[in-house]
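Have a look at the structure below before the remarks.
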Amino acid sequence: MTDALKLPFAGEEIARRLSQTLEEPDWLLDERLDASRRYAELPAEINPLFTTYLDLRAARFSEIEPYTETGEASEVSATVPEGAAALLHVDEDRVVARALSRAARDAGVIVDTFANVLRERPALLRDALAGGTTLPTDDKFAQFARAHAALGVLVHVPDGVVLEQPIVLRWSVGKPGRGLVARSVLSLGENARASALEEQVPAVGGAQAGQSLWWGTSEVLLGDGAQLSFAAQQDFGPDTLMFVNRQATLGRDARLQWALASVGGQLQKSRIDNRLVGRGASVQQAEIGFGGGSQLFDLTSYTRHIGEDTTGDLLSKGVFTDRARGYFKGLIEIQRSARGTDSFLGEFAMLLTRKARSVAIPSLEIDQPDVRRAAHSSSVGPIDEAQVFYLMSRGLPRDLARKFIVMGFLEPVVARIPLPEAQDRLRELLEAKWPEAPAEAA
């Protein structure tokens, strides 16, 4: 095990006990043991371009005890939020709400825990998880979640089903000294269409001193012609550590939109893997982070073009003030089979103070010369003073002009959030960060 990631709550015996406690079938135990072995063998960072920027010094893992027994609260709400097709809400280690709209239920949509699916439709979960292909096999953090998740959520949308309203997954954590390791699997059949909103919020009463942990996944499987819009808002408390892997595998002509916004937490390390397997598959990805204080956002993205005529449009943006840091690391891989690829990766950051720091490392790996486009772009710097001057010339005070520029810089992600109420909440969260930013940039 590398010095960068020493976890007192990891290991094969712990994985075995978890599986026994959860009364899992043998095939799922085998999945955990395979992941545990991979976790033990992998370095914390495999890409030499990114190794320098792995910084976990703020994490005090020895002070955290992840939950090993999860389940349902004594009362589970069955109320669907207005404007949503479904809701599953996990508060610390308990499911406190699980609900489907009538239209979603009649269409055969499933939004439930692994435990319930194993009892009612075990083959459905096995088809999705067996073989470990829904998470990157070369990532230590992903394999830890695969081996040690105490709670799992499956979202299944059958072939041809179209949901006009979003599915809401809500995670509330923040109890000092505790952590939740969880997995989310979203499977859409052929020509299915849906949107999902993942909300990561502080638990009620979780503002006490002491680190907490949320370690999760989003594992997306899109059949031929399927379309998914996935939005996420992260607003954990200031002492929460967050580790997340998101991997999507796209079939022929499948389309995926990511809209990911991170505001809270002490440390967030995330990795997104897009695997464009089917011909004509496409992904649009927009990710933002707004950091203040001593927050750290470590955001990595891999997009692998495998099928012909695939398209990727990937954008990461960050705003950092005080002593916050943001690392944006990305790789576009165009394999020999991926003729006709069109792919772009952009990474951009604004620094609002002299002590804020950001690094952008976009990269390309091309093994197929017959491409439509393969490009990347990046920049890190203060707010453009010419833009500030222009707005001030129209009568805006300097601080308000700067604020408008920053909010406009982040708006492309905000606008992709599926629920209007969630959009408004995200704008409020972003604006709430602004008072921490002084009037003068670096």
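Could you please find all residues in the stretch 62-72 being surrounded by 16 or more Cβ atoms within 10 Å (Cβ to Cβ) and either without any contact (Cβ under 8 Å) to a residue 60 or more places away in the chain or in a loop (DSSP other than H, G, I, E, B) (or both)? Don't jump to the end; show me each part of the working.
Taking the stretch 62-72 first, the residues surrounded by 16 or more Cβ atoms within 10 Å (Cβ to Cβ) are 64, 66-67, 70.
Hits for the stretch 62-72 are I64, Y67, T70.
Does G307 satisfy being within 18 Å of the chain's Cα centre (by Cα), modelled with pLDDT of 95 or more, buried (at least 17 other Cβ atoms within 10 Å of the Cβ) and of a type outside the set (F, W, Y)?
Working: within 18 Å of the chain's Cα centre (by Cα): no; modelled with pLDDT of 95 or more: yes; buried (at least 17 other Cβ atoms within 10 Å of the Cβ): yes; of a type outside the set (F, W, Y): yes.
Judged against the criteria, G307 is not a match.
What's the number of the only condition in (1) touching a residue at least 24 places away in the same chain (Cβ under 8 Å); (2) closer than 24 Å to G293 by Cα; (3) open to solvent by 70 Å² or more (accessible area, probe 1.4 Å); (4) outside any loop (DSSP other than H, G, I, E, B) that R373 fails to meet?
Condition not satisfied by R373: (2).
Among the residues in the stretch 243-264, are any touching a Ser or Thr at 6+ places or on another chain (Cβ under 6 Å) and hydrophobic (A, V, I, L, M, F, W, C)?
Looking through the stretch 243-264, at least one residue is touching a Ser or Thr at 6+ places or on another chain (Cβ under 6 Å) and hydrophobic (A, V, I, L, M, F, W, C).
Out of the residues in the stretch 145-165 that are of a type in the set (D, E, K, R) and part of a loop (DSSP other than H, G, I, E, B), state the one that is modelled with the lowest pLDDT. Walk me through how you get there before you give the answer.
Step one: of the stretch 145-165, the residues of a type in the set (D, E, K, R) are 146, 159, 164.
If we keep only those that are part of a loop (DSSP other than H, G, I, E, B) too, we end up with 159, 164.
Working: D159: 98, E164: 95.
Out of the qualifying residues, it is E164.
Of all residues in the stretch 150-175 being touching a Phe, Trp or Tyr at 6+ places or on another chain (Cβ under 8 Å) and touching a residue at least 40 places away in the same chain (Cβ under 8 Å), which is farthest from I64 (Cα to Cα)? Reasoning before the result, please.
Residues of the stretch 150-175 that are touching a Phe, Trp or Tyr at 6+ places or on another chain (Cβ under 8 Å), as a first pass: 150-154, 171, 173-174.
With the extra rule that they be touching a residue at least 40 places away in the same chain (Cβ under 8 Å), the set shrinks to 150-151, 153-154, 171, 173-174.
On the way: A150: 15, L151: 17, V153: 23, L154: 26, W171: 18, V173: 13, G174: 11 Å.
The residue in question is L154.
Restricting attention to the stretch 1-43, which residues are among the polar types (S, T, N, Q), under 21 Å from I64 (Cβ atoms) and open to solvent by 30 Å² or more (accessible area, probe 1.4 Å)?
Scanning the stretch 1-43 gives T2, T21.
Among what's in the stretch 418-441 and is over 18 Å from L197 (Cα atoms) and surrounded by 14 or more Cβ atoms within 10 Å (Cβ to Cβ), pick the residue that is modelled with the highest pLDDT. Write out each step before concluding.
Taking the stretch 418-441 and keeping what is over 18 Å from L197 (Cα atoms), we get 431-441.
From what's left, surrounded by 14 or more Cβ atoms within 10 Å (Cβ to Cβ): 433-434, 436-437, 441.
Working: K433: 86, W434: 82, E436: 48, A437: 44, A441: 45.
So the residue we want is K433.
Does the stretch 68-75 contain at least one residue that is farther than 26 Å from E421 by Cα and aliphatic (A, V, I, L, M)?
So far as the stretch 68-75 goes, yes, one or more of its residues are farther than 26 Å from E421 by Cα and aliphatic (A, V, I, L, M).
Looking at A194, A182, A142, which is the one that is in a helix (DSSP H, G or I) and at pLDDT 95 or above?
Numbers: A194 fails: in a helix (DSSP H, G or I); A182 fails: in a helix (DSSP H, G or I).
Among A194, A182, A142, only A142 is in a helix (DSSP H, G or I) and at pLDDT 95 or above.
Report, by residue number, each residue of the stretch 392-417 that is at pLDDT 90 or above and open to solvent by less than 30 Å² (accessible area, probe 1.4 Å).
A401, R402, I405, V406, L410
Quick one: which residue in S337, S316, S301 is outside any strand (DSSP E or B) and either crowded, with 24+ Cβ neighbours inside 10 Å or over 20 Å from the mean Cα position of the chain (by Cα) (or both)? Reasoning before the result, please.
Details: S316 fails: outside any strand (DSSP E or B); S301 fails: outside any strand (DSSP E or B).
Criteria check complete, one pass: S337.
Where residues in the stretch 389-419 are under 12 Å from A231 (Cβ atoms) and in a helix (DSSP H, G or I), which of them is farthest from the chain's Cα centre (by Cα)?
The first filter runs over the stretch 389-419 and keeps only residues under 12 Å from A231 (Cβ atoms), leaving 413-419.
So of that shortlist, the ones also in a helix (DSSP H, G or I) come out as 413-414.
On the way: V413: 14, V414: 15 Å.
Only one residue tops the list, namely V414.
Quick check on R279: is it open to solvent by 20 Å² or more (accessible area, probe 1.4 Å), assigned to a strand (DSSP E or B) and more than 25 Å from T113 (Cα to Cα)? Give the derivation first.
Values: open to solvent by 20 Å² or more (accessible area, probe 1.4 Å): yes; assigned to a strand (DSSP E or B): no; more than 25 Å from T113 (Cα to Cα): yes.
So R279 fails the test.
For the stretch 90-114, give me each residue that is open to solvent by less than 50 Å² (accessible area, probe 1.4 Å) and either small (G, A, S) or in contact with a Phe, Trp or Tyr (Cβ under 8 Å, 6 or more places away or on another chain) (or both).
Kept after step one, since they are open to solvent by less than 50 Å² (accessible area, probe 1.4 Å), are these residues of the stretch 90-114: 90, 92-93, 95-97, 99-101, 104, 107-114.
Listed by number, the residues that qualify are V90, E92, D93, A97, A99, S101, A104, A107, G108.
Taking only the stretch 355-370 into account, find how many residues are surrounded by fewer than 12 Cβ atoms within 10 Å (Cβ to Cβ) and under 29 Å from the mean Cα position of the chain (by Cα). Even if it seems obvious, please write down each step before you answer.
We begin by selecting, within the stretch 355-370, every residue surrounded by fewer than 12 Cβ atoms within 10 Å (Cβ to Cβ); these are 367, 369-370.
Narrowing the set further to residues that are under 29 Å from the mean Cα position of the chain (by Cα) leaves 367.
Of the residues in the stretch 355-370, 1 are surrounded by fewer than 12 Cβ atoms within 10 Å (Cβ to Cβ) and under 29 Å from the mean Cα position of the chain (by Cα).
Right, A59: in contact with a strand residue (DSSP E or B) (Cβ under 7 Å, 6 or more places away or on another chain), assigned to a loop (DSSP other than H, G, I, E, B) and within 30 Å of S301 (Cα to Cα) or not?
Considered against the rule, which asks whether it is in contact with a strand residue (DSSP E or B) (Cβ under 7 Å, 6 or more places away or on another chain), assigned to a loop (DSSP other than H, G, I, E, B) and within 30 Å of S301 (Cα to Cα), A59 comes out as yes.
What residue, among those in the stretch 2-53 that are part of a helix (DSSP H, G or I) and among the basic types (K, R), is nearest to T300 (Cα to Cα)?
Within the stretch 2-53, the match that is nearest to T300 (Cα to Cα) is R38.
The values are calculated or read from the model by the stated rules, or taken from the named source; none is laboratory data. Just so you know, these numbers come straight off a predicted model, no measurement behind them. Counting neighbours? That spans all protein chains shown, and the Cβs are built from the backbone with ideal geometry, glycine included. Ligands, DNA and RNA are stripped out before the accessible areas are found, and what is left, the full protein with its side chains, is counted by its heavy atoms. Shrake-Rupley method; radii C 1.70, N 1.55, O 1.52, S 1.80 Å.
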